[in-house]
1. Among residues belonging to region 504-527 that are in contact with a helix residue (DSSP H, G or I) (Cβ under 7 Å, 6 or more places away or on another chain), among the hydrophobic types (A, V, I, L, M, F, W, C) and modelled with pLDDT of 90 or more, point out the one that is nearest to VAL99 (Cα to Cα).
2. In region 490-502, what residues are open to solvent by less than 50 Å² (accessible area, probe 1.4 Å), at pLDDT 90 or above and away from ligand 1 (no atom under 16 Å from the Cβ)?
3. Check GLU440 against each of (1) within 12 Å of ligand 1 (Cβ to nearest atom); (2) open to solvent by 60 Å² or more (accessible area, probe 1.4 Å); (3) within 18 Å of PHE487 (Cα to Cα) and name the one condition it does not meet.
4. Out of the helices (runs of 4 or more DSSP H) lying entirely within region 87-158, which hold 3 or more residues that are more than 24 Å from PHE379 (Cβ to Cβ), open to solvent by less than 50 Å² (accessible area, probe 1.4 Å) and more than 16 Å from ligand 3 (Cβ to nearest atom)?
5. Give LEU268, LEU255 a once-over and let me know the one that is modelled with pLDDT under 95, crowded, with 19+ Cβ neighbours inside 10 Å and not acidic (Asp, Glu).
6. Assuming LYS362 fulfils every condition listed in (1) open to solvent by 30 Å² or more (accessible area, probe 1.4 Å); (2) within 15 Å of ligand 3 (Cβ to nearest atom); (3) under 18 Å from the mean Cα position of the chain (by Cα) apart from one, which condition is it?
7. Regarding PRO165, is this residue within 30 Å of GLY207 (Cβ to Cβ) and not in a helix (DSSP H, G or I)?
Amino acid sequence: MNLIKLTIDGRPVEVEPGQTVLQAARQIGLHIPTLCFLEKCSPSTSCLVCLVKWKFNGQSRMVPACATRVQPGMVIESETGEVHEARRTALELLLSDHVGDCLSPCHRICPLHLNIPEMLRQIQAERWQDAIMTLREALPLPAVLGRLCHHPCENGCRRGAWDQPAAIRDLEQLVAERDLQAPEPWLPVPKASTLKSIAIVGSGPAGLAAAYFLLRHGHGCTVVDRRPAPGGSLRRQVEEGALPGWILDREIQQLERLGLQFRLGVELGGVITVEGLLRGFDAVLLCLGELRPGEAASYGVALAGAALRIAPGTYQTSVPQVFAAGSATRPAKHLVRAMSEGQAAAESIDRFLAGQDQSPSKEFSSMMGRLEKSEVEAFLELANPAPRQSRTCEGCGAFTDAQAHVEAGRCLHCDCRAAGNCRLQAYAAAYGADPNRFREQRRPFCQDVQPGGIIFEPGKCILCGICIQLAEQAEEPLGLTFSGRGFDVRVAAPFHRAIVEGLQKAGAACVEHCPTGALSFGSKFGI
Ligand code: SF4
Ligand code: SF4
Ligand code: SF4
């Protein structure tokens, strides 16, 4: 058979006649994004995310790679700024009409980005081990935050628009203290050792948080503090009633179990200097708390007023290997903010030590904004109607397991079941798509919830038709179809029947191959 020769981005390719540009690109390992395309289905060219530029006879045009057959001598461009711009526009058009939150509002608002709805589902299912893993994934000292955090996440909780927000911090306290009382509380497994080490000056909330994340990255960590016991303001300024000493001590032991070393009773500027630390460590992080007047003058880093000057986003001082976070860089802040700065500084140091670009990578998150009452009602369908549970007193024992079960069940699960596994989200991040560029009035949120079955969210459907084709291939007795006209077209089962009735056999395949979170299983709600 005569093969067809073409070039893609200047690289020669030979493929069999009848193949598409997408197949030719895959043959040379070039990734062209697709949303509405699935190998075993015929192309619908509805998303146009796979656009490439075809150049011929001094002319050119954008064509969808998934549906364009190769021709002899074809010249294709895929990875140029112009093609990327066209793909970005295609994504922005899809997002202009997209109704969904990739992340729940509480998850976005938590300065440490705790996946709250995931933890609440685990609590509700009494999967305590999973719940502590979710908690420790994000929070460096969860039992301390479970007592002291000012819980900004609860201000953003959607349940609050109905009656009262979910008692997120109290649930956090229960999960963390349950675990901390175990003979061997759970710890994440750190990455392999990098053989790098970091000195952190200051053992308050920012310093301990930074240490937790640096240790998990496989770096060695030594915390230096001028006081005889670690904890900084947590030990000095918080009363025993609000934070019992055993909780702070056990949380610090957790860090030691991860490999943290302490050098206590040693003052910066006395026995040790920043310069001296740099001779023994690969980087230094200053988490000194509020500076005393004139304190910073001898540290050898530039100041902004009375505070240490850092570059926005990287926490780097005027000396490249020296970083700073917490109250020494800006006035006193909430505990959780200080810890999130410690974390961000740790991530920046990790990128610095790996020789990578230090600006954090951008993630994409679709947002619905304020909901109408009827939309909140659609969410409430799956939640426990009980009022917010309360503990017997502030600062005393945590919820009982039974209370926790009720409270976790009050969550509306505002996150998207596909987040982290959604191609629309992944490409929107990769191409820097702006969801608001073409946005007008959004469609109302609604979901078809089928007990024990599939959840369909029309607002996330990109009308690719993959589910319709898969149902046809599975020879579904009823199947699915497009119904309605113009802007009102949507996927539906014929004769006004439920989606789940149209997907007796192909349900799992449709959920797996739906390129967004429009189709999902409701199992996470326990229904
Ligand atoms: S379908 Fe994808 S883009 Fe939409 S909310 Fe879910 S994860 Fe985000
Ligand atoms: S209802 Fe649940 S998922 Fe939604 S914001 Fe509140 S805690 Fe988060
Ligand atoms: S529901 Fe069907 S048509 Fe809509 S995006 Fe998912 S697979 Fe495509």
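The values are calculated or read from the model by the stated rules, or taken from the named source; none is laboratory data. Because the structure is predicted, anything quoted here is derived from the model rather than measured. Here the Cβ positions follow ideal geometry from the backbone for every residue, glycine too, while neighbour counts run over all protein chains shown. Only protein heavy atoms, including side chains, enter the accessible area calculation; ligands, DNA and RNA are left aside. Shrake-Rupley method; radii C 1.70, N 1.55, O 1.52, S 1.80 Å.
1. By that ranking, first place goes to ALA518.
2. Within region 490-502, ALA492, ALA493, PRO494, GLY502 qualify.
3. The number of the failed condition is (1).
4. 128-138, 142-148
5. LEU268
6. (2)
7. It is false that PRO165 is within 30 Å of GLY207 (Cβ to Cβ) and not in a helix (DSSP H, G or I).
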